[in-house]
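Every number here is computed from the coordinates shown, using simple stated rules; none is lab data. Fair warning: this is a prediction, and the values are worked out from it, not measured in the lab. Reconstructed Cβ throughout: ideal geometry from the backbone, glycine too, with neighbour counts over all protein chains shown.
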Amino acid sequence: MRYARVERQDRGSRRAVLKSRERGLDESVPRQAPVEVRGALSEAKHILASDRRNRHRGPRAKAMRRLKQLGLPCESPNSRLQVACSDQEAVSRTSAKEAPTRASRLKFRHRFRDLRLEWDVNMGVVELKSAEGSVQGYIAVPKKGHGLGVLVLHAWWGLNGFFKGLCDRLATAGFVAFAPDLYGGATASTRDGAKALMSKLSEKAASQDIVRSVKALQIHPGVRGRHPGVIGLSLGAFWALWLAQELPADLAAVVLFYGTREGNYERGFTATKAAFLGHFAEKDEFESPTSVQELEKLLRTNGRDVTFYTYPGTSHWFFEEDRPDAYDSKAADLAWQRTIQFLTTQLSGRA
């Protein structure tokens, strides 16, 4: 390939920079082929300028390798174009301070580095902090980097793959979903194992983690609005009802899946501002129709907006696809559609 000499008139004299007539940068150029070039235009800036003109032909890392081959500094006089020589620093995790020109493409990643991006969701196990303290759990954020906040409270199985996947589904729908790990990483796949885990659960520690989760969501940079929603399944529904009483002014929506508090509502729901949506099974060995009816009556008496559904032919855990003995795909899909519509309506109104 033929190369042209680049000459510019100025005071100084600098080392050679070869420029392809056809393709711009080319890594096959030998280091021992210098020519003279006069001018104040530095080699680093010249190479980066050529790289910008030919951006569609290769990543910036190619320009950095070219500069290193020529023995030139890997830093542009333009501070906005400062990048490291290594591929890892040049291609990934560039901070907004180092390269604001790339902020639109890395809007989310440079703000939440602990998360990974898969499909259209940024997710990961994190530790959220608030004035009340820190709490560990799983968070999923839409690819756009922000959304309405939703707290997910897991069932007695622990924070397993299903509940993490539920957070991912919520993020795909546009919500920032966080599920606190009430068992500290432990999970169970059998009823006996789940009973053992639940028996060891400290109600004081769990209540603190749940309150901290709400407070952390309220100040999370990706959450829009100060009034998140909460989804509780089975054991999580018990805690969701407790939370509606504990923080009556902080929640905008409460979604219950086959769970009540068995009439334990001493404080009532008169101060609660949230609306309620319930999904219950027709044949539930843990929740009787009477307890569901009593809860619905109490919420209506307290002036709350409440909608409860009972799904014919279903049993406890019908929404959880990792429970093949109880999972009902049609009922689960319908409950999911109703939940997303409910959350969108209630949280948007309280944002």
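Kindly state, to the nearest 0.05, the FRET efficiency for Asn302 paired with Glu132, given R0 = 41 Å and r defined as their beta-carbon distance. Show your work: numbers first, answer last.
Details: r = 26 Å, r/R0 = 0.65.
E(calc), rounded to 0.05, equals 0.95.
For the pairs Lys164/Lys200; Lys129/Lys164; Lys164/Lys195; Lys144/Lys330; Lys283/Lys330, flag any whose C-alpha to C-alpha distance is greater than 25 Å.
Working: Lys164/Lys200 22 Å; Lys129/Lys164 20 Å; Lys164/Lys195 21 Å; Lys144/Lys330 30 Å; Lys283/Lys330 16 Å.
The answer is Lys144/Lys330.
Neighbouring Cβ atoms within 10 Å as the yardstick, rank Ser348, Ser315 fewest first. It would help to have the intermediate numbers written out before the result.
Numbers: Ser348 12, Ser315 18.
By the 10 Å Cβ count, ascending: Ser348, Ser315.
Using the per-residue mean of other Cβ atoms lying within 10 Å as a proxy for protection, in what order, highest first, do the peptides 195-201, 141-147 fall?
Values: 195-201: 13.4, 141-147: 18.6.
Going by the mean number of other Cβ atoms within 10 Å, highest first, we get 141-147, 195-201.
Only counting other Cβ atoms within 10 Å, I'd like Val292, Val125, Val135 sorted with the fewest neighbours first.
Numbers: Val292 20, Val125 15, Val135 23.
Going from least to most buried by this count: Val125, Val292, Val135.
Under the 0.36 nm per residue contour assumption, what length would be gained going from the current alpha-carbon distance of Phe286 and Arg267 to full extension?
On the way: separation 19, 0.36 × 19 = 6.84 nm, distance 2.35 nm.
Going from the current span to full extension adds 4.5 nm.
What length, rounded to one decimal in nm, is gained on full extension from Arg338 through to Leu201, with 0.36 nm per residue of separation minus their alpha-carbon distance?
On the way: separation 137, 0.36 × 137 = 49.32 nm, distance 3.13 nm.
Taking Arg338 through Leu201 to full extension adds about 46.2 nm, to one decimal.
What list do you get for Arg191, Arg304, Arg267, Arg212 if you sort them by fewest beta carbons within 10 Å? Before the final figure, lay out each step's value.
Numbers: Arg191 10, Arg304 18, Arg267 13, Arg212 21.
So the ranking, lowest neighbour count to highest, is Arg191, Arg267, Arg304, Arg212.
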